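Read through the structure below, which is laid out as structure tokens, and then see the notes.
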Amino acid sequence: MLYMHLNGVADRVWSDFKFERPLFLVIAVVLVFPNIWIAYLKWKATLKVMELGTDQNRTMQSFFAGVVMGMVTPNMMGNFIGRFYYFDKEQRPTITILTLFSNFAQLLATLLFGVVSALILGEIYIVGEGTYYIAILIGGTLLAFLGYFYSDRVLNLAKKKLNIYRSREILKSHPKYRWLLIGYSMMRFAIFTLQFSLVMYSFGESYSWELILAIWQVYMITLVIPSLFFGKLGIKEFVSISVLGALGMNEFSILFTSLIIWFVNSLTPALVGLIICKPSKA
């Protein structure tokens, strides 16, 4: 679909493509460091509530192993596989649940900004205008937040033999942990937005609230579309062109921006993980 879309506009769009402000591209690339650091802090917070955060080398190794596995699993949700590989078997169920819980916090941040965008713009791009769609989005987001903040009660329904009893106890005894994950997730989403908008600006697009709000919806729509592997490669590009292209922005600027963001935020950390991760002794 992406190829067909670009093939139809290539002749008229390529001549309008510009690379005017390289400094802003450099700034966007450098922002990968606070982005990864915040993700690392989320992982450290998880290990802290589990009382497993004393071995810094294992913390770093397991974090990047999770980044690698996230790249090669559906919807980037398999990061827990790389992480629990470095821990004892009895700790792995809790690590799995809390890692998925952390992933869910990032999903909530994306939904929250998407809802704000939809309310301001009065529509959900690709889906259409109307209060009906926005009401469904708001309702789904509220249910997701309720599930997140009352997750210990949800887990209480499960039997102890499923090895998730400890996860419930951790969530129940560390209420600030939920808010910490949400805070970190919102900070990461702000960085995602800033990176995307700065790269678009470097390609000659205007920096505006319309661009920011549209980017929020790009991330939200991409979130709900399933992918197999490689960090939603191809999906975000198609959604970005469909949303931002409809606003009159250059399709090649959009495509290159999305690919650069994927390379910087997803592929590069995964390659670093492949280099530094060593076999586990657990």
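Name the pairs: first residue in the range 20-46 and more than 19 Å from Ser258 (Cα to Cα), second residue outside any helix (DSSP H, G or I), Cβ to Cβ under 7 Å, at least 6 apart or on different chains?
Hits for this filter: Lys44/Gly53.
Tell me, please, whether a residue that is part of a helix (DSSP H, G or I), at pLDDT 90 or above and under 16 Å from Arg188 (Cβ atoms) can be found in the range 240-261.
Checking the range 240-261: at least one residue is part of a helix (DSSP H, G or I), at pLDDT 90 or above and under 16 Å from Arg188 (Cβ atoms).
Test each condition in (1) buried (at least 22 other Cβ atoms within 10 Å of the Cβ); (2) farther than 22 Å from Gly122 by Cβ; (3) not basic (Lys, Arg) for Leu194 and report the one that comes out false.
Condition (1) is where Leu194 drops out.
Give me the pairs: first residue in the range 106-129 and within 27 Å of Trp43 (Cβ to Cβ), second residue of a type in the set (D, E, K, R) and modelled with pLDDT of 90 or more, beta-carbon distance under 9 Å, and six or more apart or on different chains, which are they?
Matching pairs, first to second residue: Gln106/Lys42; Gln106/Arg188; Ala109/Arg188.
Working carefully through the options Ile182, Ile191, Ile221, find the one that is among the β-branched types (Val, Ile, Thr), modelled with pLDDT of 90 or more, out of contact with any Leu (no Cβ under 6 Å at 6 or more places or on another chain) and farther than 19 Å from Ile241 by Cβ.
None of the other options fit; the residue is Ile182.
Just checking, which of Arg58, Arg83 is of a type in the set (D, E, K, R), under 26 Å from Asn265 (Cα atoms) and in contact with a helix residue (DSSP H, G or I) (Cβ under 6 Å, 6 or more places away or on another chain)?
It is Arg83.
Out of the residues in the range 172-189 that are over 14 Å from Ile261 (Cβ atoms) and of a type in the set (A, V, I, L, M, F, W, C), which is surrounded by the most Cβ atoms within 10 Å (Cβ to Cβ)?
Across the range 172-189, the extreme among qualifying residues is Leu181.
Taking Gly82 as the residue in question, decide whether it is farther than 25 Å from Val243 by Cα and surrounded by 22 or more Cβ atoms within 10 Å (Cβ to Cβ).
The answer is yes for Gly82.
Give the residues of the range 48-68 that are surrounded by fewer than 20 Cβ atoms within 10 Å (Cβ to Cβ) and of a type in the set (A, V, I, L, M), sorted by residue number.
Correct list: Val49, Met50, Leu52, Met60.
Identify, by number, the condition in (1) touching a residue at least 40 places away in the same chain (Cβ under 8 Å); (2) under 30 Å from Phe87 (Cα atoms) that Ile275 doesn't meet.
Condition not satisfied by Ile275: (1).
When you go through Leu52, Leu47, Leu41, Leu98 one by one, which is the residue that is farther than 26 Å from Leu146 by Cα and of a type in the set (A, V, I, L, M)?
Leu52
Of everything in the range 30-68 that's of a type in the set (A, V, I, L, M, F, W, C) and touching a Cys at 6+ places or on another chain (Cβ under 6 Å), which residue is farthest from Asp88 (Cα to Cα)?
Checked the range 30-68; the qualifying residue farthest from Asp88 (Cα to Cα) is Phe64.
Hey, any hits in the range 103-122 for a residue that's modelled with pLDDT under 90 and either in contact with a Pro (Cβ under 9 Å, 6 or more places away or on another chain) or part of a strand (DSSP E or B) (or both)?
No, that holds for no residue.
Can you name the residue in the range 50-99 that is β-branched (Val, Ile, Thr) and touching a Ser or Thr at 6+ places or on another chain (Cβ under 8 Å) and is also farthest from Tyr177 (Cα to Cα) among such residues?
By that ranking, first place goes to Ile81.
The values are calculated or read from the model by the stated rules, or taken from the named source; none is laboratory data. All figures in this text were calculated on a predicted structure; none of them were measured in a lab. FYI the Cβ positions are ideal-geometry reconstructions off the backbone, even for glycines, and counts take in every protein chain you see.
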